[in-house]
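In what follows, a single structure is set out as structure tokens and then discussed.
The values are calculated or read from the model by the stated rules, or taken from the named source; none is laboratory data. What you see is a predicted model; the values in this text were computed from it and never measured. Neighbour counts run over all protein chains shown; Cβ positions are idealised from the backbone, glycine included.
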Amino acid sequence: MAVGVLAERGYDRTRFSDVATAAGVAVSTLQFYFGSRDDMLIEALHQSTEEEVWAMEQAAASGSTPWERLVQLLERGLAILPVQTWRMLLEFWYAAARDPELRAHSVDIQQRYRRPFIEAIRDGIASGEFTTEEDPQDLVTVILAMLDGMLIPRVCDHAYFREDRVREVAVSTVASLLGVKKNVSYSAT
């Protein structure tokens, strides 16, 4: 329940009473269980980010070649998900910038989120499927910056953000960065 309320009201405006009302429990129950409002919100943010990292790990496992794995990861990063998911990610980064505990968690989350991208790129370089000479760490930083930058137009429902075209451009851009041969399919399998 806290995740939904947090996505709707934001980190700064979510109160025990909001979550209690949504969950149908007394405020005292939440206070007893979590201790503080911040602890409750941190737990909600932990839960939502863990779910997203798990989804990325599952996406990576579904491709057989390095390029297919990478396309699956991009598909997940570009997936049409409920706006609540995107809001939670924005709220997480907003809160992590101010909270030392969340900041520490963000380091772990980012390492786990980056890992399947890095592994796919390293495997693609090793197999000759990718011809780039760039460092996989740097490539993943650029790729994730591109995906992260798409959060704002999604959450704010900007009219210029066209899911289908953005997906094509993003996958084509990553293929170009990696030196993927033109005869390789750009679609998820």
(request) Select from the stretch 61-77 the residues that are surrounded by 19 or more Cβ atoms within 10 Å (Cβ to Cβ) and either of a type in the set (A, V, I, L, M, F, W, C) or more than 17 Å from Phe130 (Cα to Cα) (or both) and list them in ascending order. (result) Trp67, Leu70, Val71, Leu73, Leu74, Arg76, Gly77
(request) Kindly indicate the residue of the stretch 39-79 that is of a type in the set (Ser, Thr, Tyr) and out of contact with any Leu (no Cβ under 8 Å at 6 or more places or on another chain) and also modelled with the highest pLDDT among those meeting that condition. (result) Thr65
(request) Tell me, yes or no, whether the stretch 126-142 has at least one residue that is aromatic (Phe, Trp, Tyr), in a loop (DSSP other than H, G, I, E, B) and either within 15 Å of Val171 (Cα to Cα) or touching a Pro at 6+ places or on another chain (Cβ under 9 Å) (or both). (result) yes
(request) Return the pairs, sorted by first residue and then second, in which the second residue is part of a helix (DSSP H, G or I) and of a type in the set (Gly, Ala, Ser), the first residue lies in the stretch 10-32 and is closer than 15 Å to Gln84 by Cβ and modelled with pLDDT under 90, the beta carbons are less than 7 Å apart, and the residues are 6+ apart or on different chains. (result) Tyr11/Ala95
(request) Return the residue satisfying two criteria in turn: it lies in the stretch 33-51 and is within 22 Å of Leu81 (Cα to Cα) and either among the acidic types (Asp, Glu) or in contact with a Cys (Cβ under 9 Å, 6 or more places away or on another chain) (or both), and of such residues it is surrounded by the fewest Cβ atoms within 10 Å (Cβ to Cβ). (result) Glu51
(message) Just to be sure before I move on: is Arg98 basic (Lys, Arg) and surrounded by 12 or more Cβ atoms within 10 Å (Cβ to Cβ) in the structure I sent?
(response) no
